[in-house]
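Report on one structure; see the data block that follows.
The values are calculated or read from the model by the stated rules, or taken from the named source; none is laboratory data. If you're wondering where the values come from, they're calculated on a predicted model, not measured in any experiment. When we count neighbours, we look across all protein chains shown, and the Cβ atoms used for this are built from the backbone with ideal geometry, even at glycine. Accessible surface areas use protein heavy atoms only, side chains included; no ligands, DNA or RNA. Shrake-Rupley method; radii C 1.70, N 1.55, O 1.52, S 1.80 Å.
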Amino acid sequence: MNVPNHIAIILDGNGRWAKAKGMPRSYGHVKGCANLETICDDMKELGVKYLTVYAFSTENWKRSREEVEGLMKLFRNYLKKCIKISEKNQMRVKIIGDITAFDEDIQQKIVELEEFSKDYTELHFQIALNYGSRDEIVRGIRRLAQDAAEGKIDPKEIDEEQIGNYLDTAGIPDPDLLIRTSGEQRLSNFLLWQLAYTEFYFTDVPWPDFHKPELIQAIEAYNHRDRRYGGVKEES
Ligand code: IPE
Ligand code: IPE
Ligand code: MG
C-alpha cells in the first residue's frame, strides 16, 4: 500500500452523529475530539508524515453561544493534553488559522504546545483553528503587500512559491489526499490554494466513527487513483 505523505481531513458530522443517538451536539464534539487522539496514533503507525485537520472554521462562530463555548472548553483541554500526545508520538504540532480571535489563555496554550513539540519529526500535525482559506489568503497578501511597499520584495518576482510562503502552511507540502467525513461534498473554505492537485475522498461515515479500518479504506481508494498533474500518463 502506497501511503500518502500528507493527509488532510475535514472532521465533519459530530453534531449529526450525536443527534442520531438522542444526545446533544456537544457530546458529538467530545467523541470527535477523542477520535482525533486515536487517529494520530493510526497515522503514525501507517507511516503518514503530515496530517492536517479542520477543527474550527472562521464561519463556525455562527453556531450557538452554547456550542461555541463548549468547543472552546474542549480546545482548552485538548491543547493541554496534546503536549503528552506529541511526546508519545514524537509529533510536531502547529496551529493554522487566525488564533488572535481566541481568549488569551488559549493562545498561550497554543504557543506552549508548538514550542514544546517543535523538534519532533515523526509526524507533522497541523490543526486548523479559526481557519478559513480566504482569510488565510487575505492575511498572507496583506503581509506580502506590506513587504513590497517596504521594498523587501519586487512585485515582478512574486511567484507561486513565494505566495505559498506567506500562507499559514508555509514549509508544509501540499496534501496528497483529502478526506471529508459525514457525506457533504464541499470544501467549506479549507486549504483552497493547497488542494490544487490533491485527491478527494468523501465518506458517509461521521467523524466519531471514522477509525483505522475506514482510514485504510480511504488510503486504498487513493491507491487506485491515477495522479497526473496535467501531464499525460505513459502508455504501459
Ligand atoms: C464538525 O462537526 C465539527 C465542527 C465543525 C466544529 P459538525 O459540528 O459540523 O457536525 P454536523 O456537520 O453538524 O453533523
Ligand atoms: C467544516 O464543517 C468546518 C469544520 C469541519 C471545522 P462545517 O460543518 O462547518 O461546514 P458546512 O457548514 O457544512 O459547510
Ligand atoms: Mg458540519
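What the table shows:
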item: Residue list for the stretch 29-43, restricted to those being farther than 28 Å from N223 by Cβ and surrounded by 22 or more Cβ atoms within 10 Å (Cβ to Cβ); result: H29
item: Close pairs (6 angstrom Cβ cut-off, 6 or more residues apart or separate chains): under 18 Å from G15 (Cβ atoms) in the stretch 184-211, part of a strand (DSSP E or B) and among the β-branched types (V, I, T) anywhere; result: F190/I10
item: Any hit, the stretch 176-183, residues being in contact (Cβ under 8 Å) with a residue 24 or more places away in the chain, within 16 Å of ligand 3 (Cβ to nearest atom) and of a type in the set (D, E, K, R); result: yes
item: Candidate set: the stretch 12-25, residues that are closer than 14 Å to E67 by Cβ and within 15 Å of ligand 2 (Cβ to nearest atom); chosen: the one surrounded by the most Cβ atoms within 10 Å (Cβ to Cβ); result: N14
item: Subset of the stretch 198-236 (residues that are within 16 Å of ligand 2 (Cβ to nearest atom) and closer than 22 Å to A20 by Cβ); result: F202, T203, D204, V205, P206, W207, P208, D209, F210
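Rundown of residues vs (1) within 16 Å of ligand 3 (Cβ to nearest atom); (2) at pLDDT below 95; (3) open to solvent by less than 30 Å² (accessible area, probe 1.4 Å), yes/no style:
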{"residue": "N2", "(1), (2), (3)": "no, no, no"}
{"residue": "Y27", "(1), (2), (3)": "yes, no, no"}
{"residue": "E45", "(1), (2), (3)": "no, no, no"}
{"residue": "L51", "(1), (2), (3)": "no, no, yes"}
{"residue": "A55", "(1), (2), (3)": "yes, no, no"}
{"residue": "R63", "(1), (2), (3)": "yes, no, no"}
{"residue": "G70", "(1), (2), (3)": "yes, no, no"}
